[in-house]
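The values are calculated or read from the model by the stated rules, or taken from the named source; none is laboratory data. All of these numbers come straight from a predicted model, not from anything done at the bench. A quick note on method: Cβ atoms are made from the backbone with ideal geometry, for glycine too, and the neighbour counts reach across all protein chains shown.
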Amino acid sequence: MTTSTPYFRVTSPGESLVPGPRTGVLITPHGEIQTPAFLPVATQGSVKALSPSDVVSLGGQVVICNAYHLALRPGVDLIEQAGGLHGFMGWDRPIATDSGGFQMTSLAHRLRISDEAVTFLSHIDGTQFHLSPESAVALQERLGADMIMCLDQPLNYGVDRDGVERALVRTHLWAERSARAHRPEMGLLYGIAQGGTEADLRVESSRFVAALDGTQGIAIGGLSLGEPKDVMWEMVDVSMPLLPVHKPRHLLGVGSPEDIVEGVARGIDTFDCALPTRVARNGALYTPQGRVDILNARYTQDLGPVMEACDCETCGTHSAAYLQHLFKAKELLAYRLASIHNLRFIHRLFDDARSAITAGTYEQFRRDFHAAYTPSDAAAREEQRGLWLRSQQAREQANLPDEWESDPGLD
RNA sequence: GGCAGGAUGGCGGAGCGGACAAACGCACCAGGCUGUAAACUUGGCGCCCUAAGGGCUACGGGGGUUCGAAUCCCUCUCCUGCCA
């Protein structure tokens, strides 16, 4: 069984088919990535509130941008003229891109889907934007992406089995077309497994993606979209044994610190997630004990750092009280300092995870982490999620032309 | 001294006889955020009881009218504008 290819090499001992934590090296056109690794989200060509040199100094090896957003603004022509995304952003390390597939859930009321393509109604100016599997690959290649995602169709939690099945069939069809459209000398193409929260459909999709020629990596998609955590991990668990060991595995849209620890334990190589940077901008800072809401009254007079024993610039220089003051005053520095802390926390978590895997002590690392860390409240999360989706829909409906109203955009 | 207007919850500010413990904003308190239309958003915010719900005290002070008053009348105190 080979565990080495021109683009990925498993480096931890005990190469086997049994899913478990592993280290590796992902080899891309713009350099190597030590895995497991975290991809900070830079949707519009920027990790919000941070400069590329910040991201590097925090331990960032690779970022993930969004082809849909960048195609709408500023447009791929300009980015190409600038030397691709790398030149445009001033970032010389690897870049992953998402196709725009995720926008089928986040912008679900602004699109129409057919087997041929998805048509978005631009959230910026209302013009129509067509994205087919072929054009999504071409777009990402023109951007100069090192990791390219096939166009897929994820669904929010709660869609019935029939809908999940149709999205699955379409995602597979699109993956085949993506693989044919992909030029191998460009970035690594990732096929994406779907299947919602139906275990048998997850199995079917994982098998399909595993067997698909012309892709270099495999991503698990369509999770962390509202389903309970145990369901999410059940879906990952049924998928992992079916994936070839020699291909890198990416878990799309995950996660929180506790999810990352769990994902690594299952043999996921790379993760991307908006959460660490987004919650930072909203005043939530990670510590080994859990998330701290810096706006809470108990930090008003706390002149110590947010987290003892943190090696980030924020904790080394500033107090919790100062951070709270910056947030209350809406000073721009607040967003930068908080993002620095959270990204450093996440990257350090990966550093520690890789060390533990190498030392053969990952199980202990995992237990210690969970023993100390209190995640956000699951019941509150579920309750708030519906409210958030509803407020988003209200915002969408307000700007939509009549003929686009009240269509769930599933297909 | 005269005339006019006004005093509402921590602040600003609606309300002008019953649906008012009182819109809305700010401040404050707590929660949420997972391939980012998120520097966003949800809830709470007189006091008491565990929630549903109920009780109590409240719209400058005092006194009236009324089944019922933040809302109408009288009076006192204080503020603001204009005229002397």
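Taking (1) away from RNA strand B (no atom under 12 Å from the Cβ); (2) part of a loop (DSSP other than H, G, I, E, B); (3) touching a residue at least 40 places away in the same chain (Cβ under 8 Å) in turn, A:ASP213 satisfies each apart from (3). I'm checking my understanding of the structure. Among residues of the range A:277-298 that are β-branched (Val, Ile, Thr) and buried (at least 21 other Cβ atoms within 10 Å of the Cβ), which one is farthest from RNA strand B (Cβ to nearest atom)? Selected residue: A:ILE294. Scanning the range A:330-387 for residues that are β-branched (Val, Ile, Thr) and in a helix (DSSP H, G or I), we see that the one that is farthest from A:PRO276 (Cα to Cα) is A:THR358. Please return the ranges of strands (runs of 3 or more DSSP E) entirely within the range A:1-89 where 2 or more residues are under 16 Å from the mean Cα position of the chain (by Cα), hydrophobic (A, V, I, L, M, F, W, C) and buried (at least 17 other Cβ atoms within 10 Å of the Cβ). Passing ranges, in order: A:37-40, A:63-66. When the range A:274-325 is filtered for residues that are touching a Pro at 6+ places or on another chain (Cβ under 8 Å) and assigned to a loop (DSSP other than H, G, I, E, B), the ones remaining, listed by number, are A:MET307, A:HIS318, A:SER319. Taking the listed residues A:GLY31, A:GLY24, the one that is in contact with a Phe, Trp or Tyr (Cβ under 7 Å, 6 or more places away or on another chain), at pLDDT 95 or above and closer than 19 Å to A:THR270 by Cα is A:GLY24, with no other qualifying.
For the residues A:GLY158, A:GLY191, A:GLY195, the requirement of being in a loop (DSSP other than H, G, I, E, B) and within 29 Å of A:VAL62 (Cα to Cα) singles out A:GLY195. Scan the range A:349-361 and give yes if some residue there is touching an Asp or Glu at 6+ places or on another chain (Cβ under 6 Å) and within 16 Å of RNA strand B (Cβ to nearest atom), otherwise no. Taking every residue of the range A:349-361 in turn, none turns out to be touching an Asp or Glu at 6+ places or on another chain (Cβ under 6 Å) and within 16 Å of RNA strand B (Cβ to nearest atom). Would you check if A:LEU326 is under 27 Å from the mean Cα position of the chain (by Cα), modelled with pLDDT of 95 or more and more than 25 Å from A:ASP259 (Cα to Cα)? Here the answer is no, as A:LEU326 does not meet what is asked. When each of A:ALA219, A:ALA274 is tested for being under 14 Å from A:TYR190 (Cα atoms) and either of a type in the set (Lys, Arg) or within 14 Å of RNA strand B (Cβ to nearest atom) (or both), the lone residue that passes is A:ALA219.
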